[in-house]
Amino acid sequence: MPLLEIDDLTVEFKTASGQFRAVDGVSLTVDRGEILAIVGESGSGKSVAMLAVMGLLPWTATVSAKTLAFDGRDLLTLSPRERRKVIGKDMAMIFQEPMSSLNPCFTVGYQIGESLKVHLGLSKSERRKRSIELLEAVGIPDPERRLSAFPHQLSGGMSQRVMIAIALACRPKLIIADEPTTALDVTIQAQILELLVSLQRETDTGLVLITHDMGVVAETAERVSVHYAGQKIEEQPVGPLFADPHHPYTAALLAALPERAKGKHLPSIPGVVPGQFDRPPACLFEPRCRFATDRCRTKVPPRQGAIAGFALCHYPLTHGRPIGHPNPEGREVAA
Amino acid sequence: MLGFVVRRVLLVIPTFIAIAFLTFIAIRLVPGDPIEVRTGERGISPERLAQFRHELGLDQPVWKQFLDYLWQLAHGNFGTSISTHAPVLTEFLTLFPATLELAISAMLFATILGIPAGVIAATRRGTFIDYTLMGAALTGFSMPIFWWGLLLVLFFSVNLGWTPVSGRIDLLYYFEPVTGFMLIDSWLSGEEGAFRSAVMHLILPAIVLGTIPLATIARMTRSAMLEILGEDYVRTARAKGLSPFRVVGFHALRNALIPVVTVIGLQVGALMAGAVLTEYIFSWPGIGTWLIESINRRDYPVLQGGILLVSGIVILINILVDLLYGVLNPRIRHAR
Ligand SMILES: Nc1ncnc2c1ncn2[C@@H]1O[C@H](COP(=O)(O)OP(=O)(O)OP(=O)(O)O)[C@@H](O)[C@H]1O
Ligand code: SF4
Ligand SMILES: [Mg+2]
């Protein structure tokens with residue numbers, strides 16, 4: 001049984017102008033000790049999907065799924081109280097903005113110790129000991145002194161290390177890292193990522209890494225899930241994905257990389273992700289797809305099998321050629 | 001930190017001179033002087049009048065009177081009351097505990113109810129509870145003290161007879177003041193029923209005086225909480241699996257208190273103004289009643305000295321609030 005199993009997860013927000021579907025039928029699994037990367041342009045619902053797993057969405061959100069199970073427990077039927085015993089303990093999340101993710105009014109030591117107290121019931125001295133251990137593990141020099149530091153006295157990189165320490169505090173089975181390095185300096189990014197991955201290896205936790213950075217994906221992930229407008233449009237192990245993308249969106253992403261896999265951010269493809277009001281009726285990528293046909297405009301694309309990377313497409317690519325397409329050369333999208 | 005306090009205290013001096021000047025002029029613009037007011041209809045012979053005026057220094061040019069007054073103040077002398085001949089400072093210190101007791105009770109009432117009300121409204125944003133609480137706060141905020149006070153007296157004291165109409169304690173009880181705070185003194189006196197009587201006397205005035213601060217604190221807490229509940233660190237707290245009570249009442253509220261404390265500090269000035277009216281309604285023997293009487297008697301030294309002393313207290317409390325702000329906000333604490 002996978003550590004995290006998501007089947008057909010949908011999240012809708014109540015907005016002033018009606019329901020907005022931010023996550024649309026996403027299915028994912030993560031195993032113990034595995035790194036799954038989730039990539040996709042801004043607004044593709046990556047964060048919302050993972051916040052739904054954590055149960056951290058605001059009340060305006062409606063979450064539905066066929067399965068939402070973690071470590072053998074059904075998260076859908078878990079009471080809020082029971083769920084709070086899971087998150088922050090067995091399942092932890094790290095956010096994009098380390099500087100604003102720590103409470104400015106409490107010391108580093110307090111914020112690490114809080115999880116230890118609430119979940120593990122450690123005594124004050126045990127908490128202190130474990131906190132020092134954790135700060136050491138995340139590479140913070142002079143940990144004893146740092147315990148009494150306030151967040152504003154830390155740099156962005158240091159804050160993210162503290163966030164990682166908090167996430168690791170109760171030895172979780174799964175860590176969800178939502179763009180953990182985006183807000184940091186380039187030099188620090190690599191360090192934080194390395195730290196995260198090495199700690200993940202040591203402790204055999206599952207890691208979901210949400211990122212914009214194809215370079216990060218190539219270097220760290222084992223499997224990659226590509227998201228577009230709330231849908232998962234392709235999923236493959238990292239090697240095959242880079243070698244032979246099956247969905248036109250993935251292919252376009254990779255083709256637009258300046259030097260394959262080395263670009264720092266998601267390359268731009270002409271056009272934008274559809275929002276609440278301009279959702280295409282069938283394939284959501286259709287307005288931007290160079291292979292789009294009438295069928296793509298009228299018929300919702302099927303989910304392909306594992307061989308075609310679970311691509312959500314009428315004409316999945318094989319080595320760049322759309323299978324079953326009336327005109328395999330495609331058209332050029334007007335920029 | 002010490003430098004900060006010293007700077008703040010030095011800045012107070014020009015403020016004091018300005019206040020002294022304004023009260024000095026204002027009271028002299030009111031028709032009639034202390035002697036005329038005292039002799040009233042009976043009148044007084046011009047010679048006697050001139051003699052009295054001379055004794056009080058009122059025959060001097062106003063600018064000279066003012067400079068003399070400043071000189072006196074510089075020596076820590078707040079003058080003597082024209083009507084009682086007691087030193088102004090002594091009278092002030094005797095009466096101030098009554099006002100302080102009333103003000104503290106009012107602020108406690110306002111804070112203890114206002115902060116939870118604001119927190120509840122913020123967490124129930126847009127619901128019936130939120131609208132009810134904030135509607136009540138708006139009403140409380142716009143309530144004229146005098147009218148509100150009389151309304152409560154009519155209802156609770158006159159109609160229901162639950163609370164006394166005026167004073168600090170029943171005339172039955174007598175004991176020497178120890179602290180000047182009636183609640184404490186009545187407790188210490190050991191007289192049966194004295195403490196209860198003191199509490200009953202305090203309730204209505206404290207509610208009347210505390211209503212506007214209550215409304216302000218509730219509204220400020222709500223808006224601060226609404227802002228803070230959207231902060232990343234609140235999400236972090238929830239991601240730790242903490243209970244909603246801990247997330248809202250501890251992680252969020254701790255941050256919301258920073259602006260709320262500032263607002264409480266800013267209320268102190270308004271509170272003193274409100275205290276004057278409240279004391280008047282309830283014949284509460286404090287600074288407010290004392291000041292109003294001093295106006296009626298044109299007791300220049302009492303009014304001038306009294307207002308200066310009250311201002312001094314307000315400024316002092318504001319400095320204390322600033323220091324508290326530093327304690328609450330680690331970022332400020334380290335910057336100083
Ligand atoms: N609380 C909310 N209410 C309404 N809409 C929301 C809310 N939170 C997110 N959304 C919408 O859901 C969509 C997906 O958002 P999400 O944050 O998951 O994107 P993302 O893939 O994480 O993007 P990014 O890379 O910018 O983080 C966006 O269009 C966003 O505007
Ligand atoms: S279904 Fe059609 S439009 Fe959509 S990605 Fe595939 S080819 Fe493009
Ligand atoms: Mg995101």
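The values are calculated or read from the model by the stated rules, or taken from the named source; none is laboratory data. Predicted, not measured: the structure shown is a model, and the values here were computed from it. No Cβ is skipped: glycine too gets one built from the backbone with ideal geometry, and neighbour counts run over all protein chains shown. Heads up: the accessible areas ignore ligands, DNA and RNA and are worked out on the full protein's heavy atoms, side chains in. Shrake-Rupley method; radii C 1.70, N 1.55, O 1.52, S 1.80 Å.
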Considering only the range A:1-25, state which residues are among the β-branched types (Val, Ile, Thr) and surrounded by fewer than 21 Cβ atoms within 10 Å (Cβ to Cβ).
-> A:10, A:15
Within the range A:163-192, restricting attention to residues that are under 13 Å from residue A:86 (Cα atoms) and either charged (D, E, K, R) or free of Cβ contacts under 8 Å to residues at least 40 places away in the same chain (or both), which residue is surrounded by the most Cβ atoms within 10 Å (Cβ to Cβ)?
-> A:173
Restricting the range A:94-107 to residues that are open to solvent by less than 10 Å² (accessible area, probe 1.4 Å) and in contact with a strand residue (DSSP E or B) (Cβ under 6 Å, 6 or more places away or on another chain), the residue that is farthest from the other protein chains (Cβ to nearest Cβ) | A:94
Please state which of the following conditions residue A:218 fails to meet, knowing it meets all the rest: (1) within 14 Å of chain B (Cβ to nearest Cβ); (2) away from ligand 3 (no atom under 16 Å from the Cβ); (3) open to solvent by 30 Å² or more (accessible area, probe 1.4 Å); (4) touching a residue at least 24 places away in the same chain (Cβ under 8 Å).
-> (1)
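For (1) away from ligand 2 (no atom under 15 Å from the Cβ); (2) assigned by TED's automatic domain parsing to the domain that holds residue A:46; (3) modelled with pLDDT under 85, each residue gets a yes or a no:
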residue	(1), (2), (3)
A:234	no, no, no
A:237	yes, no, no
A:253	no, no, no
A:260	yes, no, yes
A:263	yes, no, yes
A:272	yes, no, yes
A:287	no, no, no
A:292	no, no, no
A:311	no, no, no
Residue pairs meeting the criteria (Cβ under 7 Å; at least 6 apart or on separate chains; first more than 8 Å from chain A (Cβ to nearest Cβ), in the range B:231-251; second open to solvent by 50 Å² or more (accessible area, probe 1.4 Å)) = B:247/B:238; B:248/B:123
Conditions (1) within 16 Å of ligand 2 (Cβ to nearest atom); (2) not in a strand (DSSP E or B): number failed by residue A:24 | (2)
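Within the range B:251-297, how many residues turn out to be hydroxyl-bearing (Ser, Thr, Tyr) and open to solvent by 40 Å² or more (accessible area, probe 1.4 Å)? Spell out how you get there, then give the answer.
Of the range B:251-297, the ones hydroxyl-bearing (Ser, Thr, Tyr) are B:262, B:278, B:280, B:283, B:289, B:294.
Imposing the further condition that a residue be open to solvent by 40 Å² or more (accessible area, probe 1.4 Å) reduces the set to B:262, B:280, B:283.
Final tally of qualifying residues: 3.
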Mind checking whether some residue in the range A:229-242 is within 15 Å of ligand 1 (Cβ to nearest atom), part of a helix (DSSP H, G or I) and either open to solvent by 50 Å² or more (accessible area, probe 1.4 Å) or closer than 30 Å to residue A:17 by Cα (or both)?
-> no
Would it be correct to say that residue B:197 is more than 13 Å from every other protein chain (Cβ to nearest Cβ) and touching a residue at least 24 places away in the same chain (Cβ under 8 Å)?
-> yes
Which of the residues that make up the range B:82-118 are of a type in the set (D, E, K, R) and open to solvent by 30 Å² or more (accessible area, probe 1.4 Å)?
-> B:91
Select from the range B:51-69 the residues that are surrounded by 14 or more Cβ atoms within 10 Å (Cβ to Cβ), assigned to a helix (DSSP H, G or I) and hydrophobic (A, V, I, L, M, F, W, C) and list them in ascending order.
-> B:52, B:56, B:66
Could you please let me know if residue B:32 is open to solvent by less than 60 Å² (accessible area, probe 1.4 Å), out of contact with any helix residue (DSSP H, G or I) (no Cβ under 6 Å at 6 or more places or on another chain) and assigned to a loop (DSSP other than H, G, I, E, B)?
-> yes
Given (1) within 14 Å of another protein chain (Cβ to nearest Cβ); (2) surrounded by 17 or more Cβ atoms within 10 Å (Cβ to Cβ); (3) near ligand 1 (Cβ under 9 Å from one of its atoms); (4) closer than 30 Å to residue A:301 by Cβ, where does residue A:60 come up short, assuming only one miss?
-> (2)
Reported set for the range A:79-90 where residues are open to solvent by less than 40 Å² (accessible area, probe 1.4 Å) and either touching a Pro at 6+ places or on another chain (Cβ under 6 Å) or in a loop (DSSP other than H, G, I, E, B) (or both) is A:88, A:90
In the range A:63-93, residue nearest to residue A:4 (Cα to Cα) [restricted to those that are more than 10 Å from chain B (Cβ to nearest Cβ) and basic (Lys, Arg)] = A:73
Any chance the range B:284-306 includes a residue that's part of a helix (DSSP H, G or I), within 14 Å of chain A (Cβ to nearest Cβ) and on the phi < 0 side of the Ramachandran plot?
-> no
Residues of the range A:24-56 that turn out to be more than 7 Å from ligand 1 (Cβ to nearest atom) and within 14 Å of chain B (Cβ to nearest Cβ), as a count | 7
Count, please, the residues in the range B:58-100 that happen to be under 30 Å from residue B:167 (Cα atoms) and of a type in the set (Phe, Trp, Tyr).
-> 3
